[in-house]
Amino acid sequence: MRILIVGGGGREHALAWALARSPHRPELFIAPGNAGTEALGENVALAPDDVPGLLAFARARGIDLTVAGPEQPLVAGIVDAFTEAGLPIVGPTAAAARLEGSKAFAKAFMARHGIPTAAHRTFTASEYAEAVAYLEAQGAPVVVKASGLAGGKGAVVCETLDAARAALDAMMRDQRFGAAGEEVVVEAFMAGEELSLFALTDGEAYVLLAPAQDHKRIGEGDAGPNTGGMGAYAPAPVATETVLRQARAEIIEPTLRGMAAEGHPYRGILYVGLMITDEGPKVVEYNCRFGDPEAQAVVPLLQSDLLELFLQLTEGRLEAAKPVFHPGASACVVLASKGYPGAYEKGFVIEGIERAEAMPDVVVMHAGTRRNAKGELVTAGGRVLAVSALGADLAEALEKAYRAVDVIHFEGMQYRRDIGRKGLKRLSARGIVS
Ligand code: GLY
C-alpha cells in the first residue's frame with residue numbers, strides 16, 4: 001500500500017512514524033517531508049499547497065491513500081480534487097474545512113447549532129466604525145480574530161482596549177493579514193485552561209484520541225508572544241470524565257450532526273480547541289487537521305494501527321473501530337531556534353539525536369531540519385525538533401522527555417522547561433503525584 005503524507009513538520013513526522021509501524025507495511029511518500037521523514041519513506045519535492053502537483057504525483061505513483069497534514073491544502077480543496085479523481089484521502093472537503101478556514105463561518109455555525117462558545121460579532125471591511133464601537137462596548141480583555149487562515153497568528157488576546165484597537169487597525173486598516181483579515185471576529189475573552197481534542201470521524205461515527213494540552217507562548221509561565229506550539233502532553237488532566245462527556249454531547253456530536261444537516265458532512269480529523277471554563281467546555285476554535293505539536297504527543301499514545309483507523313475513516317467503517325491506547329501518558333518538548341517566533345538563523349548543526357533516541361520510550365520528531373552539502377543534520381526552521389516520550393504517568397513522561405532534551409544540542413537552541421506543569425499541578429491537587 002502506498003501512502004502520501006502532505007506536509008513537512010513535526011506533525012507529519014509523527015504521522016509517518018506511526019504509519020511506518022503499521023502491519024500493512026505501507027510504502028511512504030512525504031511531500032515535502034524533512035530530514036526525519038526521509039528515514040521512513042521518500043521525500044517528494046512538492047509544496048503542501050501545490051494541489052495540482054500532488055494530484056499528478058498521486059496518480060503517477062499509484063498512491064492508495066493520502067493524508068493531508070496542514071490546513072492550507074484542506075481549505076484550498078485538496079480533498080475535493082482527490083475525491084473527484086477517485087483517490088482516497090483523509091480530510092474534510094473545502095466546504096467542511098471552513099470550520100477552520102473561516103472563523104466567521106465557524107462562529108455562525110456554532111450559533112445555529114447551540115454549540116457553546118464565546119459571545120461574538122463579525123465585521124466586514126466596511127464596518128470598521130461598528131467594530132470599534134462594539135469593542136468599546138465590550139471592554140477589555142477581548143479577543144480580536146482575523147477570520148481567515150493566518151498561520152496561527154490571527155487571534156489576538158487583548159488585555160487593554162488600546163491593544164484591541166491596534167489589533168483591529170492591523171487587520172482592517174493596514175491589511176496586515178491580507179485576505180484573512182477581510183472579515184474580523186470580535187469575541188468575549190474566556191478564562192480557563194485550554195484543551196485540544198481530536199476526533200477521527202467518517203462523518204457520522206467518531207473516535208476520540210487522547211486529550212492534549214498545547215503550550216502556545218514562547219516563554220515559561222505562558223509569557224511572551226504566541227508560537228506554533230512549544231510542547232504538548234496527553235492525556236491532559238483538565239479533561240476529566242465530566243469535561244469529556246460534555247465535550248462529546250455538547251460540542252463534537254452537535255458539530256458532526258450540524259455539518260451533515262447543512263449538507264457538508266465532516267470527514268477527517270476534527271480538532272476542537274476548547275476553553276475549560278467554570279461553565280464547562282466552550283469552543284475557542286475548530287481546526288480541520290491534527291495539531292502540531294499535539295500530534296507528536298497524541299499519536300505515540302495510540303497502540304492501535306493508525307493506518308487501519310484511516311482506512312476505516314475513508315471507507316465509512318469507523319463505527320466498528322475500537323482503538324487501544326497506551327495506559328500511561330506522553331509528553332513532547334519542542335526545541336526551537338534562537339529568535340523564534342521572530343526572525344531566526346538557520347544552518348546550525350544538530351547533535352545528539354541518536355543518543356536521545358537510544359533512551360527508552362523516546363522518539364525525536366523532526367520539524368525544521370535538513371541535510372547540508374556535507375550530509376550533516378542542520379536547523380532549517382523556527383521549530384526544529386519535538387522530543388516525545390512515553391511514561392507510566394505524566395511525571396515519568398516529562399522526566400524522560402527532558403532527559404532526552406539534555407543530550408541534544410544546536411547553537412541557539414531554546415525550549416520551555418515547564419511543559420506539562422499545569423497537568424502535574426492538577427494531578428498533585430488530586431493527590432495523584434506529590
Ligand atoms: N498547536 C496548535 C495548532 O496546531 O494549531
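The values are calculated or read from the model by the stated rules, or taken from the named source; none is laboratory data. Only a predicted model underlies this, so the values are computations on that prediction, with no experimental measurement involved. Methodologically, a virtual Cβ is constructed for each residue, glycine included, from the backbone with ideal geometry; neighbour enumeration extends over all protein chains shown.
Could we say that Ala247 is closer than 24 Å to Gly91 by Cβ, of a type in the set (A, V, I, L, M), under 19 Å from the mean Cα position of the chain (by Cα) and within 15 Å of the ligand (Cβ to nearest atom) here? Write out each step before concluding.
Working: closer than 24 Å to Gly91 by Cβ: yes; of a type in the set (A, V, I, L, M): yes; under 19 Å from the mean Cα position of the chain (by Cα): yes; within 15 Å of the ligand (Cβ to nearest atom): no.
No, not satisfied.
Of Arg165, Arg176, Arg112, all but one fail to be touching a residue at least 40 places away in the same chain (Cβ under 8 Å) and either surrounded by 15 or more Cβ atoms within 10 Å (Cβ to Cβ) or part of a helix (DSSP H, G or I) (or both); the exception is Arg112.
Here's the yes/no breakdown for (1) farther than 27 Å from Gly347 by Cα; (2) among the hydrophobic types (A, V, I, L, M, F, W, C); (3) at pLDDT 95 or above:
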site	(1), (2), (3)
Trp17	no, yes, yes
Ser22	yes, no, yes
Phe29	no, yes, yes
Ala35	no, yes, yes
Gly41	no, no, yes
Asp50	no, no, yes
Val67	yes, yes, yes
Pro70	no, no, yes
Pro73	yes, no, yes
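Just to be sure, is Ala249 outside any strand (DSSP E or B), free of Cβ contacts under 8 Å to residues at least 12 places away in the same chain and among the aliphatic types (A, V, I, L, M)?
Working: outside any strand (DSSP E or B): yes; free of Cβ contacts under 8 Å to residues at least 12 places away in the same chain: yes; among the aliphatic types (A, V, I, L, M): yes.
Criteria met by Ala249.
Residues that are within 16 Å of the ligand (Cβ to nearest atom) and either at pLDDT below 95 or within 25 Å of Arg430 (Cβ to Cβ) (or both) within region 184-200 comprise Glu193, Glu194, Leu195, Ser196, Leu197, Phe198, listed in sequence order.
Checked against (1) more than 22 Å from His326 (Cα to Cα); (2) buried (at least 20 other Cβ atoms within 10 Å of the Cβ), Leu390 passes all but a single condition, namely (1). For Leu256, state whether it is at pLDDT 95 or above, more than 16 Å from the ligand (Cβ to nearest atom) and in contact with a Leu (Cβ under 8 Å, 6 or more places away or on another chain). Criteria met by Leu256. Within region 260-270, being crowded, with 24+ Cβ neighbours inside 10 Å and either more than 16 Å from the ligand (Cβ to nearest atom) or under 19 Å from Gly154 (Cα atoms) (or both) holds for Tyr266, Arg267. Please go through region 353-369 and pick out each residue that is crowded, with 19+ Cβ neighbours inside 10 Å and more than 20 Å from the chain's Cα centre (by Cα). Selection gives Ile353, Ala356, Val362.
Does at least one position in region 313-333 carry a residue that is of a type in the set (Phe, Trp, Tyr), touching a residue at least 40 places away in the same chain (Cβ under 8 Å) and surrounded by 19 or more Cβ atoms within 10 Å (Cβ to Cβ)?
Here is the first cut: in region 313-333, the ones of a type in the set (Phe, Trp, Tyr) are 325.
Of the ones still in play, those that are also touching a residue at least 40 places away in the same chain (Cβ under 8 Å) are 325.
Imposing the further condition that a residue be surrounded by 19 or more Cβ atoms within 10 Å (Cβ to Cβ) reduces the set to none.
Within region 313-333, not a single residue is of a type in the set (Phe, Trp, Tyr), touching a residue at least 40 places away in the same chain (Cβ under 8 Å) and surrounded by 19 or more Cβ atoms within 10 Å (Cβ to Cβ).
From the list Gly148, Gly101, Gly181, Gly152, which one is surrounded by 15 or more Cβ atoms within 10 Å (Cβ to Cβ), free of Cβ contacts under 8 Å to residues at least 60 places away in the same chain and within 16 Å of the ligand (Cβ to nearest atom)? Explain how you work it out, then say what you get.
On the way: Gly101 fails: free of Cβ contacts under 8 Å to residues at least 60 places away in the same chain; Gly181 fails: within 16 Å of the ligand (Cβ to nearest atom); Gly152 fails: free of Cβ contacts under 8 Å to residues at least 60 places away in the same chain.
So the residue among Gly148, Gly101, Gly181, Gly152 that is surrounded by 15 or more Cβ atoms within 10 Å (Cβ to Cβ), free of Cβ contacts under 8 Å to residues at least 60 places away in the same chain and within 16 Å of the ligand (Cβ to nearest atom) is Gly148.
Met171 fulfils the conditions (1) at pLDDT 95 or above; (2) more than 15 Å from the ligand (Cβ to nearest atom) except for a single criterion, (1).
Give Ala119, Ala137 a once-over and let me know the one that is surrounded by fewer than 16 Cβ atoms within 10 Å (Cβ to Cβ) and in contact (Cβ under 8 Å) with a residue 12 or more places away in the chain. Before you say what the answer is, go through the steps one by one.
Values: Ala137 fails: in contact (Cβ under 8 Å) with a residue 12 or more places away in the chain.
Of Ala119, Ala137, the one residue that is surrounded by fewer than 16 Cβ atoms within 10 Å (Cβ to Cβ) and in contact (Cβ under 8 Å) with a residue 12 or more places away in the chain is Ala119.
So which residues in region 155-168 are within 16 Å of the ligand (Cβ to nearest atom) and either hydroxyl-bearing (Ser, Thr, Tyr) or over 19 Å from Arg217 (Cα atoms) (or both), if there are any at all?
Taking region 155-168 as the starting set, the residues that turn out to be within 16 Å of the ligand (Cβ to nearest atom) are 155-157.
Within region 155-168, none qualify.
Residues that are among the hydrophobic types (A, V, I, L, M, F, W, C) and free of Cβ contacts under 8 Å to residues at least 24 places away in the same chain, at least 1 per element: which helices (runs of 4 or more DSSP H) completely within region 340-431 meet that?
Working: elements: 353-357, 394-405, 421-429.
Answer list for region 340-431: 421-429.
Note on region 1-49: among residues that are away from the ligand (no atom under 16 Å from the Cβ), assigned to a loop (DSSP other than H, G, I, E, B) and among the small types (Gly, Ala, Ser), the one that is surrounded by the fewest Cβ atoms within 10 Å (Cβ to Cβ) is Ala45.
Would you pick out the residues in region 206-234 that are among the hydrophobic types (A, V, I, L, M, F, W, C), in a loop (DSSP other than H, G, I, E, B) and out of contact with any Lys or Arg (no Cβ under 8 Å at 6 or more places or on another chain)? Explain how you work it out, then say what you get.
So in region 206-234, the residues among the hydrophobic types (A, V, I, L, M, F, W, C) come out as 207-210, 212, 218, 223, 230, 232, 234.
The next check asks that each one be in a loop (DSSP other than H, G, I, E, B); those that pass are 209-210, 230.
Of everything in region 206-234, those that are among the hydrophobic types (A, V, I, L, M, F, W, C), in a loop (DSSP other than H, G, I, E, B) and out of contact with any Lys or Arg (no Cβ under 8 Å at 6 or more places or on another chain) turn out to be Leu209, Ala210.
The set of residues in region 282-301 being more than 7 Å from the ligand (Cβ to nearest atom) and closer than 24 Å to Phe189 by Cα consists of Lys282, Val283, Val284, Glu285, Tyr286, Cys288.
Please indicate, with yes or no, whether at least one residue in region 201-217 is more than 16 Å from the ligand (Cβ to nearest atom), farther than 21 Å from Ala97 by Cα and buried (at least 23 other Cβ atoms within 10 Å of the Cβ).
At the first step, the residues of region 201-217 found to be more than 16 Å from the ligand (Cβ to nearest atom) are 201-208.
Subset that is farther than 21 Å from Ala97 by Cα: none.
Looking through region 201-217, none of the residues is more than 16 Å from the ligand (Cβ to nearest atom), farther than 21 Å from Ala97 by Cα and buried (at least 23 other Cβ atoms within 10 Å of the Cβ).
Got at least one residue in region 62-79 being among the polar types (S, T, N, Q), over 22 Å from the mean Cα position of the chain (by Cα), closer than 30 Å to Gly263 by Cβ and part of a helix (DSSP H, G or I)? Please lay out each step first, then the result.
Residues of region 62-79 that are among the polar types (S, T, N, Q), as a first pass: 66, 72.
Add one more test, that the residue is over 22 Å from the mean Cα position of the chain (by Cα), and what stays is none.
No, the conditions are met nowhere in region 62-79.
In this structure, does Val184 turn out to be in contact with a Cys (Cβ under 9 Å, 6 or more places away or on another chain) and part of a strand (DSSP E or B)? When the stated conditions are applied, Val184 does not pass them.
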